[in-house]
Amino acid sequence: MSWLVPLPIVLPLVGAAVSVLVGRSRSAQRVVGISVLATLVVVAVALLVEVDTNGTVVTEAGGWAGPMGITLVADRFAAILLVVAELTLFAVLVYAIGEPGAERNHVGFQSAYLVLAAGVAASFLTGDLFNLFVAFEMMLTASYVLLTLGGRHDQVRSGMTYVVISLIASTLFVTALAFVYSTTGTVNMADLAGRLEELPPGIRSALAVLLLVVFGIKAAIFPLFFWLPDSYPTAPSPITAVFAGLLTKVGVYAIVRTQLLLFPEETRPATLLLVLAACTMVVGVLGAIAQDDIRRILSFTIVSQIGYMIMGLGFFTVAAVAAVVFSIVHHIVVKTALFMIGGLVDHAAGSSRLSRIGGMVRTTPFLATLFLVSALSLAGIPPLSGFVSKFALIDAGFADRQYAVVATSIVVSLLTLFAMTRIWMGAFWSPPEEATVAPPPPNRSGGPVLMVVPTTVLVLCSLGVAAAAGPIYALSERAAEDLMDRHAYVAEVLGP
Amino acid sequence: MTLMLATAAAGLFGVGTYLLLQRKLSRIIIGLSLLTHGANILLITSSRRGDAPIIGAGGEERFADPLPQALALTAIVINFGVAMLLLALAYRSWILTHDDEVQDDVGDRGIAKSDVVHDEVADQQQVIAREETS
Amino acid sequence: MILLLAAFAVVGLALVAFGARLGRRAFLVGALPMAATAAWVATRLPDVTDGTTRHESVGWVGGLGLAVDLHLDGFATTMTLIVTVVGVAVLLYASRYFAPDARDLGRLAGLLVLFAGSMVGLVLADHVIVLYACWELTSITSFLLIGNRHDQARARAAALHALLVTGAGGLALLGGLVLLGQAAGTYRLEGILAAAPSGTAVTVALVLVLVGACTKSAQYPFHAWLPGAMAAPTPVSAYLHSATMVKAGVFLVARLAPVFATQAPWRPVVLAAGCATLVFGGLRALRQHDLKLLLAFGTVSQLGLMMVLFGAGTPATTTAGWVLLIAHAAFKCTLFMVVGVIDHQSGTRDIRKLPALRDGWRPLELVALLALVSMAGIPLGAGFVAKELSYEALDEATFLGHEVVLVAAIVGSMLTVAYATRFYTGAFAGPRRRAAGEPAPLPGETHRDPSPTTELSDPTLPIEPVDPVVVVKPRAHALTNTTAEVAVVDPDPAPPAPSFVAPAAALALVGVVLGVVPGLGDKLATVSLEDFRGSVPAVHLAVWHGFGAPLLYSALTLAGGFAIWAADRRVRPRLAWASKVPSGAEVYLAALRALGIVSTRVTGFVQNGSLPVYAGVIAATAAALPVAALLAGWDWPGWPRLGPKREAPVVIVLLTAALGAALVRKRFSAAIFLGVVGYAMAGLFVLSGAPDLALTQAAVETLSTVVFVLVLRNLPERFERQSTPGRRIGRLLIAAGVAAAVFVLALTSAGVRLGNPVSEEMVDRAVPDGHGRNVVNVILVDFRGFDTAAEITVLTVASIGAVALARAGRRRRDGEPVPAANTEEVRRLVFVDVSVRVVFHAVLMLSLWLLFAGHNQPGGGFVGGLLAGSAIALRYVAGGIDEVRGRARFRPWTVLGTGLLLSSSTVAAPLLFGGAVLESAVASLDLPLVGEVDVNSALAFDVGVYLVVIGMVLMAFEAFGEEPKEVAPR
């Protein structure tokens, strides 16, 4: 089954090439995009089943065995995230096709989107630190293009911030790679796991922290996240949705992967992580409360939620890591759905500023329901998926006697609820201002069918995550056990 | 790694960072390129340097380590592509604003002064006001 | 039980979704699951009273010990019966209360059913987390129900207040329950009670749990949300905010008290909160003109009493609490319904405006009397039984401070009598006497003219925009409320239809029955008690408790109560301080304000929208953290050697040019300096034995300089110096810090090198396995070809993006280049043209040679492509964009696409033949100019790279090659 592993990377690349060639016909491009991503959903599920039953699948690019060649490693963690990612990418692509607007019609949209998909998949699957850098570059370059397609003034402005900050991260990444190679003479992760252990503690923890900073910028943790709320809201809503759902989580993935795999227990910057996590949660949610624009509120809650995941990682226990895996899954789905709903609100009410819109619980009751479910899930209200992840984190945290930071996270979840109710009241309950004449929504469901359907599907998925929380959490637990057992990974990749 | 090259890398990083913290995109781009140059120096000095690693040309024991070269080459080309994208941004920003200045985010303006919970507070005051009969 | 809960969920959701078309019948449908549950529980009664507890369990998240564990024991039975019976009554009542054409009735009914479901789940839960889950669900449904009239600002505010307070309490509860569960080693309620853990963690946990209970059951100082919640329609208030939801906290306390009451924090917290609530609630109730608010504060007060009785946790007090729980549910719900009827018929609830009610109203008056008798604790009312029991229990109790509690209970009961009387006279007697022209002792008639808001005792009334608060800043929310229907007071309201009164009557009768023959409850009371503490002596509920202290206290209570009411006018001023007592509402308001201020200040500080600041923070962090980590366990490897002399000039040029690029104020010169840095890098690469790198660097530098200049020619010539000295110093500091960090890390990391680099294997295998002598190229296209594939993808996307941006706004047929008119043809000098063409082809050949030879000599796809690119640049210099377009036979898009397709399919192809991705196949063929070479599929890959690079260069000229057509006005 090892042939499954490269597909999520290679297929979109071929697809991107084709859709560049057929650039004259949008419909052909769409067919390519849809069919590739649909296939990948199936592939990802198959891979997950395979990995979960028969254990980690390793394949060497070009048949060159690691550490010399580039190895692709699909363990449970990667496979789980891959499934969620492909699902989200697929849903958002449909949504994007359904959205009226110029951006998606640009000749470059489909190819850039596919490259993004390839980059995300590669980041999850690669077992090679430099290849991870290249994968990031694929993902990021595509994201630059998607963010600025259309070239509106605000897009250019936020594009500058986004691109520059990301490039700083990339340069830091290369720097880190240089130091890593200069100390260990390898870039293969499994090999590094072995060699970094022998380094003197000083330089080793320096490398750990440097990598943390590199990925922390992408994952948007305090104090490296300021770029996010400025850049995400300006993109077209499908793009924002996929960025919000996936890109930051890829950063989190990289943090989890590198911190757990590359570095031995004693170097792990647990305290640093917990402090950063607390700041991220608090500053993020305060930012959310301070905003008036739905997209900005949601963007800040991304940051705040990232804090939860970093906190879980900071505990460095199997239970906590399992909670992190689960909350990544939950968060990708819910957050993407929320941003899609935000786009629909914008579409139906003609604005996403709370002070301008209102009364949508009457005009678009279905949309209101979708939002309520997702928002409550984000705020961790039982029995939705957000509660399971929150409870898992609290349980693990108290078990680890980390009372202070867990208490913070509990308070933050109340503030998150407040931020969500502000959207609910502003957009759905309170009557709209007389000034704004909101265009009557096309239908009670609140938008074009091709936009509403994928949104609904994602919301149903989040309900599914809650309903199937048992098996999913069990899976996350197995994934966490793999993650905590570095030597098993090394053995899988380099052989015993 | 030699002291000289460490200095060179550090110098490039320093100057690059200085330019990075400016408002003109073209300066920022220059700064970023300097940073990448610095990073590339760190890459090629991250392992043994020597003769060109071309088999048959010379003694393999004096070979420079080929891997960092390959990595650096990849990094260079990637940066070339992205730099072009950045230039396009500058170009577009000039078309729109006649400058390549990176302006501050509009959405962040005045947040510190704004009264976000005004509605909630005012509504709540109504409730209290009418509760206090007498 | 699970099935019943499911039924609640299904019916509720169905009603929310489709109930609209049912109109008022939606409430009847909603009553079905409640009736079913009530019936089922009734059938279980014999078993329950025999002491058998039924358990049901469905797994949820095994890994976290989360499962839906339900149990039906005595106490759960009691509560379930209350919830469902009252629920049925309320829904029947609601089906008459609302106008047939009222909006959102389906949603309302559905939410009521969902609430009932979560409430039933809450009382049946045998798993504290399940209990918490239902707890939160009741908060959410209550939020949605209070905000039912969501176009009214006041309703929204009340809803938010309730949600935030109960939500905060809920989270405290969650924290407490998790701590409790971890201390007990199980989340099963019965397990926790059995384990009865103790210790610091448990102490904290108990405090948290009590906070949760107090918020939910509206204990001081959290009570303020409950009166606000009266903004909800009366049936909702009757159900959630008097009979059921507010009992949740009391219920939880009752569940835990038997085991934990003896632990340190428990009794002080519960009894203090309870007593304060009991007394202050009563005082506030006395001062209300709005009958509904009077009842609301009455509820607060009664909840305080229940909190005390259950919290004290002795068998006797618990029994008293048990009776009070039932009695209160019956009489308070009845009274709410009565108020609803009056309000519905007459259009007001303000006792200063209520019209006299005709004889047709007698039935309702009777119902109200029955309930009031029970509330005031007059004999033959269920309340009397409860009061006697509580006096007795508190009198005999032994725990510290039980005397104080007894006094509080008596005072509270007096107040209850007083406001019960106030209710009766205010609603019925008073208006009649007024109508008869007699001077009615109209309690609460104040000489100060009431504030305008007191007129608005009825949520159906609009919030007048003249409201001083709203005037501060008129808002849409306030404005629209003027459109709400204005209720006028009907001077002679028509008596309500019997079916409208019936539900209230039924509940009132329950109270009477329990008051007359309380013995009916003996068995259930006993088993409910047993749930808490193993076996207990059987309980005997009786009306007559014989002569003794309790009877005395009761007499005292009644006398005192009537006295307070009679002396109201005189007592009033003395009691004015009661409403001065900070009542959580202000605290909540202050908290809300503070939150607003903190959030905006913090956000405004960190999120100031300026890229330089963001970049600066990131740079500083990236420099500081790793170095700090390094210094934590530093071992200095010692200084390395200075390095070969021949490198010195290069480094000097490098740094000087870099400084130059930073200092010059001309964009153009800066670009040139940057180019110099690039070439210096190339030189450095040559010296480092990296010819491929040098070639690539040189070519890249050439191209990017050209592109850079193409862009810069448009931009203003100079950078105007704009930043303050302070900023500049800040920049310098950060820059210096970064430089220092890099220096230290570089030297330290260079000092330690363990093991041999993996590249040695590459060198060994380049020729035998990689079929190439240029190891770097073999790595690029074979060993690490996967990187390269990704890399050219980056190039492709980047160039697409660049063209999209640069040509945004002037796209014909979505982003295809517009062939501009070929104007320059004429002005071109022939010899330039010829020479350029010669050179062009020569360079093109050279680039091809580099491509094919690259596997063995320096060169390869990148270098080749870039060289070809420079050739194209040459054409551009000679003839401008049209020259490039004219000579390049293919559209750049096609070149790009083909290149990408070629290499990506070389990567993918092996998969089709069962090989590893990118696995290379070898063939040996004879090429002109190059000679016999081993060609492997890697070459095809390299050709792809070559094409992509060329395509990219073509795109670059597409993007920046021509003067933009339209530019923003200066």
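Return yes when B:Asp100 is at the interface with chain C (Cβ under 7 Å from one of its Cβ atoms), open to solvent by 10 Å² or more (accessible area, probe 1.4 Å), of a type in the set (Asp, Glu) and in contact (Cβ under 8 Å) with a residue 12 or more places away in the chain and no when it is not.
So B:Asp100 fails the test.
Against the conditions (1) touching a helix residue (DSSP H, G or I) at 6+ places or on another chain (Cβ under 8 Å); (2) closer than 23 Å to A:Ala244 by Cβ; (3) at pLDDT below 95, where does A:Lys335 fall short? Just the number, please.
Of the numbered conditions (1) touching a helix residue (DSSP H, G or I) at 6+ places or on another chain (Cβ under 8 Å); (2) closer than 23 Å to A:Ala244 by Cβ; (3) at pLDDT below 95, the odd one out for A:Lys335 is (3).
Please enumerate the residues belonging to the stretch C:721-758 that are within 30 Å of B:Ile55 (Cβ to Cβ) and either assigned to a loop (DSSP other than H, G, I, E, B) or touching a residue at least 12 places away in the same chain (Cβ under 8 Å) (or both).
Of everything in the stretch C:721-758, those that are within 30 Å of B:Ile55 (Cβ to Cβ) and either assigned to a loop (DSSP other than H, G, I, E, B) or touching a residue at least 12 places away in the same chain (Cβ under 8 Å) (or both) turn out to be C:Ala750, C:Val752, C:Arg753, C:Leu754, C:Gly755, C:Asn756, C:Pro757, C:Val758.
Restrict the check to the stretch C:84-95 and report whether at least one residue is outside any helix (DSSP H, G or I), over 31 Å from the mean Cα position of the chain (by Cα) and not acidic (Asp, Glu).
No, the stretch C:84-95 contains no residue that is outside any helix (DSSP H, G or I), over 31 Å from the mean Cα position of the chain (by Cα) and not acidic (Asp, Glu).
Could you list all residues from the stretch C:632-658 that are loosely packed, with under 12 Cβ neighbours inside 10 Å, over 29 Å from C:Ala671 (Cα atoms) and more than 10 Å from chain B (Cβ to nearest Cβ)?
Selection gives C:Trp636, C:Gly638.
Out of all the residues in the stretch B:15-26, which are in a helix (DSSP H, G or I), open to solvent by less than 10 Å² (accessible area, probe 1.4 Å) and within 7 Å of chain C (Cβ to nearest Cβ)?
Scanning the stretch B:15-26 gives B:Thr17, B:Leu19, B:Leu20, B:Ser26.
Taking the stretch C:667-717, which residues are assigned to a helix (DSSP H, G or I), within 8 Å of another protein chain (Cβ to nearest Cβ) and under 50 Å from the mean Cα position of the chain (by Cα)?
Hits for the stretch C:667-717 are C:Arg667, C:Ala670, C:Ala671, C:Leu674, C:Val700, C:Ser704, C:Val707, C:Phe708, C:Val711, C:Leu712.
Exactly one condition in (1) facing another protein chain (nearest Cβ under 7 Å); (2) outside any loop (DSSP other than H, G, I, E, B); (3) free of Cβ contacts under 8 Å to residues at least 60 places away in the same chain is not met by B:Leu89; state its number.
(3)
Sort out which residues of the stretch A:188-221 are more than 8 Å from chain C (Cβ to nearest Cβ) and not in a helix (DSSP H, G or I), and write them in order of number.
A:Ala220, A:Ile221 - these are the residues of the stretch A:188-221 that are more than 8 Å from chain C (Cβ to nearest Cβ) and not in a helix (DSSP H, G or I).
Quick check: is even one residue across the stretch A:84-101 touching a residue at least 12 places away in the same chain (Cβ under 8 Å) and within 17 Å of C:Leu900 (Cβ to Cβ)? Walk me through it before giving the result.
We begin by selecting, within the stretch A:84-101, every residue touching a residue at least 12 places away in the same chain (Cβ under 8 Å); these are A:84-101.
So of that shortlist, the ones also within 17 Å of C:Leu900 (Cβ to Cβ) come out as none.
No, there is no match, as no residue in the stretch A:84-101 is touching a residue at least 12 places away in the same chain (Cβ under 8 Å) and within 17 Å of C:Leu900 (Cβ to Cβ).
Consider B:Ala83 carefully, then state whether it is buried (at least 24 other Cβ atoms within 10 Å of the Cβ), within 7 Å of chain C (Cβ to nearest Cβ) and within 20 Å of C:Glu701 (Cβ to Cβ).
Judged against the criteria, B:Ala83 is not a match.
Going through the stretch C:129-150 one residue at a time, which ones are among the small types (Gly, Ala, Ser), open to solvent by less than 10 Å² (accessible area, probe 1.4 Å) and within 7 Å of another protein chain (Cβ to nearest Cβ)?
First, the residues of the stretch C:129-150 that are among the small types (Gly, Ala, Ser): C:133, C:139, C:142, C:147.
From what is left, the residues that are open to solvent by less than 10 Å² (accessible area, probe 1.4 Å) are C:139, C:142, C:147.
Across the stretch C:129-150, the qualifying residue is only C:Gly147.
Open to solvent by less than 10 Å² (accessible area, probe 1.4 Å), more than 34 Å from the chain's Cα centre (by Cα) and not hydrophobic (A, V, I, L, M, F, W, C) - does that describe any residue in the stretch C:257-276?
No, the stretch C:257-276 has no match at all.
Can you tell me how many residues in the stretch C:187-201 are open to solvent by less than 40 Å² (accessible area, probe 1.4 Å), in contact with a Gly (Cβ under 9 Å, 6 or more places away or on another chain) and touching a residue at least 24 places away in the same chain (Cβ under 8 Å)?
2
Can you tell me which of A:Asp52, A:Asp75 is open to solvent by 40 Å² or more (accessible area, probe 1.4 Å), at pLDDT 90 or above and closer than 30 Å to A:Gly194 by Cβ?
Matching residue, one of A:Asp52, A:Asp75: A:Asp52.
Within the stretch C:34-50, track down each residue that is assigned to a helix (DSSP H, G or I) and open to solvent by 10 Å² or more (accessible area, probe 1.4 Å).
The answer is C:Ala35, C:Ala36, C:Ala38, C:Ala39, C:Trp40, C:Ala42, C:Thr43, C:Arg44, C:Leu45, C:Pro46, C:Asp47, C:Thr49.
Check the stretch A:308-315 and report whether any residue there is more than 13 Å from the chain's Cα centre (by Cα) and within 14 Å of chain B (Cβ to nearest Cβ).
So far as the stretch A:308-315 goes, no, none of its residues is more than 13 Å from the chain's Cα centre (by Cα) and within 14 Å of chain B (Cβ to nearest Cβ).
Test A:Ala178 against the criterion of being surrounded by 24 or more Cβ atoms within 10 Å (Cβ to Cβ), touching a Ser or Thr at 6+ places or on another chain (Cβ under 9 Å), of a type in the set (Gly, Ala, Ser) and closer than 12 Å to A:Leu262 by Cβ, and give yes or no.
For A:Ala178, the condition - surrounded by 24 or more Cβ atoms within 10 Å (Cβ to Cβ), touching a Ser or Thr at 6+ places or on another chain (Cβ under 9 Å), of a type in the set (Gly, Ala, Ser) and closer than 12 Å to A:Leu262 by Cβ - is not met.
Quick one: how many residues across the stretch B:38-75 are part of a helix (DSSP H, G or I), facing chain A (nearest Cβ under 10 Å) and either in contact (Cβ under 8 Å) with a residue 24 or more places away in the chain or open to solvent by 10 Å² or more (accessible area, probe 1.4 Å) (or both)?
11
Hey, can you tell me all the residues within the stretch C:576-620 that are closer than 27 Å to C:Leu732 by Cβ, modelled with pLDDT under 90 and more than 8 Å from chain B (Cβ to nearest Cβ)? Quick ask: steps written out before the conclusion?
The first filter runs over the stretch C:576-620 and keeps only residues closer than 27 Å to C:Leu732 by Cβ, leaving C:604-620.
From the residues that got through so far, the ones that are modelled with pLDDT under 90 too are C:604-610.
Across the stretch C:576-620, the qualifying residue is only C:Val606.
Could you list, ordered by first residue, the pairs with Cβ atoms under 8 Å in which the first is in the stretch A:156-183 and basic (Lys, Arg) and the second is assigned to a helix (DSSP H, G or I), at least 6 apart or interchain?
A:Arg157/A:Thr234; A:Arg157/B:Ser93
Mind checking which residues of the stretch C:141-169 are of a type in the set (S, T, N, Q), over 18 Å from the mean Cα position of the chain (by Cα) and under 13 Å from C:Leu108 (Cβ atoms)?
Of everything in the stretch C:141-169, just one residue is of a type in the set (S, T, N, Q), over 18 Å from the mean Cα position of the chain (by Cα) and under 13 Å from C:Leu108 (Cβ atoms), namely C:Asn148.
The values are calculated or read from the model by the stated rules, or taken from the named source; none is laboratory data. A quick note: this is a predicted structure, and the numbers were derived from the prediction, not measured. In this analysis, Cβ positions are derived from the backbone assuming ideal geometry, glycine residues included, and neighbour counts consider all displayed protein chains. The accessibility values were calculated without ligands, DNA or RNA, using every heavy atom of the protein model including side chains. Shrake-Rupley method; radii C 1.70, N 1.55, O 1.52, S 1.80 Å.
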